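Just so you know, all these numbers are worked out from the coordinates, no wet-lab data involved. On a predicted model such as this, the values are computed, not experimentally measured, just so you know. Cβ placement follows ideal geometry from the backbone for every residue including glycine, while neighbour counts extend to all protein chains displayed.
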Ligand SMILES: [Zn+2]
């Protein structure tokens, strides 16, 4: 098959607020490099941010300026919905609203928030639940939409929690070649919020992902909530946990 005939995927990352996408920046950049159509959808415009001063309108404008930079850096298309920041409600109607974006963008792959229960931001938890429900609602009749149902299979991934645990099997995406781009991404938000040492912290997080993957220097880790992995002839063994010193010996 020539490269022109390879089926490209539509990747849709759905989060509550600008900057929530930090854990999949390298993965989105990998998909863009592979020629996939990558969309980043925020359910809110982030007007309720507490570590920036200004009116809601000013904050929305400033946060949009940051996501404009992210859009240009990663080569993704950014979209916003107008759910109120810190007041995203989990309801059937809101599930259908998110489903209408799935009808419009027709994703093959979705990346979204985990539901962390009492540990998580309610907007993040509700985003997770609305997105999972939307993958069903987008298949149904919807009097609120003129768009046809989106009934193709979708794989839904969540970022793996840094605090451990995890309900689902996890997989790692090697983002070593995106390291510089991820650091530029971090710089945009570090400058925006004035958080110190973000690059150093994120280097550790990506290294930890690489360590857990057993095979790469830097990785972003995901769990697959719904969907199906590619068909293979034999079941894979675990790549196994590898000590950083072993990885460095191979590099
Ligand atoms: Zn958030």
| query | Any idea what the relative contact order of region 83-146 is, in percent, if you count C-alpha pairs under 8 Å spaced at least 6 apart? | reply | 47 percent
| query | What number, in percent, do you get for the relative contact order of region 1-124 if the mean sequence gap of Cα pairs under 8 Å and at least 6 apart is divided by its residue count? | reply | 34 percent
| remark: Between residue 204 and residue 104, the two model label points (7 Å from Cα along the beta-carbon direction) sit apart by a distance in nm of 4.0 nm
| query | Using the C-alpha atoms of the chain, what convex hull volume per residue, in cubic angstrom, is computed? | reply | 154 Å³
| note | residue 183 and residue 139 label points (each 7 Å along its Cα→Cβ direction) are spaced in nm at 4.5 nm
| query | Cα centroid distance between region 1-56 and region 70-103, in Å? | reply | 11 Å
| Along the three principal axes, how long is region 35-153 when you take its alpha carbons, biggest first, rounded to the nearest angstrom? | 43, 37, 26
| note | For region 108-147 the translational diffusion coefficient, Stokes-Einstein from a Kirkwood Rh over Cα pairs at 20 °C and viscosity 1.002 mPa s, in µm²/s, is roughly 187 µm²/s
| field | Taking 154, 81 and counting other C-beta atoms within 10 Å, the order from fewest to most | value | 81, 154
| field | Contact order normalised by residue count of the chain, Cα under 8 Å, 6+ apart, percent | value | 19 percent
| What is the fewest-to-most order of 234, 67, 27 by other Cβ atoms lying within 10 Å of their Cβ? | 234, 67, 27
| query | Can you sort 225, 98 by how many other beta carbons sit within 10 Å, fewest first? | reply | 225, 98
| request: Could you work out which residue, out of 55, 86, 213, moves most in a Gaussian network model of the chain, that is, has the largest mean-square fluctuation with Cα springs under 10 Å? | output: 55
| query | With each label point set 7 Å from Cα along the Cα-Cβ vector, what nm distance links residue 69 and residue 153? | reply | 4.1 nm
| message | Can you tell me which of 210, 54, 166 moves the most in a GNM of the chain? Springs connect C-alpha atoms under 10 Å apart. | response | 54
| Among 159, 95, 194, which one shows the biggest mean-square fluctuation in a GNM of the chain, springs joining Cα atoms closer than 10 Å? | 194
